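Some notes on the structure that comes next.
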Amino acid sequence: MGNKATLNQNQAANVRKALRNRCIRLAKDAEHIKADIERDCIPYWKLDALRDDLNDLADDLEEFLWNA
């Protein structure tokens, strides 16, 4: 039974790490968009993609919290 508990803890830790990495990637995407805007290049498609990615992340975070 101890191995199963450890496996469940490792799975949760892996999910947390993956969610954290997605947050970091999306923050970098936002920085790139900011740089584009500063150059007067408004990347509407990038904003749409970022919005969609953030919505997906929010859904995954909610699911993770409910299963924790």
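Data table
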item: Most mobile of Asp29, Asp40, Asp53 in a GNM of the chain (Cα contacts under 10 Å); result: Asp40
item: Share of carbon and sulfur in the accessible heavy-atom surface of the chain [1.4 Å probe, %]; result: 56 percent
item: Expected 222 nm ellipticity per residue - DSSP helices of 4 or more, -39500 (n - 2.57), all of the chain, to 500; result: -32500 deg cm²/dmol
item: Accessible area in square angstrom per residue, the chain, 1.4 angstrom probe; result: 84 Å²
item: Cα long-axis angle, helix 2-38 against the chain (0 to 90 degrees, to the nearest 10); result: 0 degrees
item: Choice from Leu47, Leu26, Leu57 showing the highest fluctuation, given a GNM over the chain with Cα pairs closer than 10 Å; result: Leu47
item: Among (1) 1.02; (2) 1.20; (3) 1.35, the entry that matches Rg/Rh (Cα atoms, Kirkwood Rh) as calculated here; result: (2)
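The values are calculated or read from the model by the stated rules, or taken from the named source; none is laboratory data. Here the structure is a predicted model, which is why all the values come from computation and not from measurement. Side chains are part of the model used for accessible areas, which takes the heavy atoms of the whole protein and leaves out ligands, DNA and RNA. Shrake-Rupley method; radii C 1.70, N 1.55, O 1.52, S 1.80 Å.
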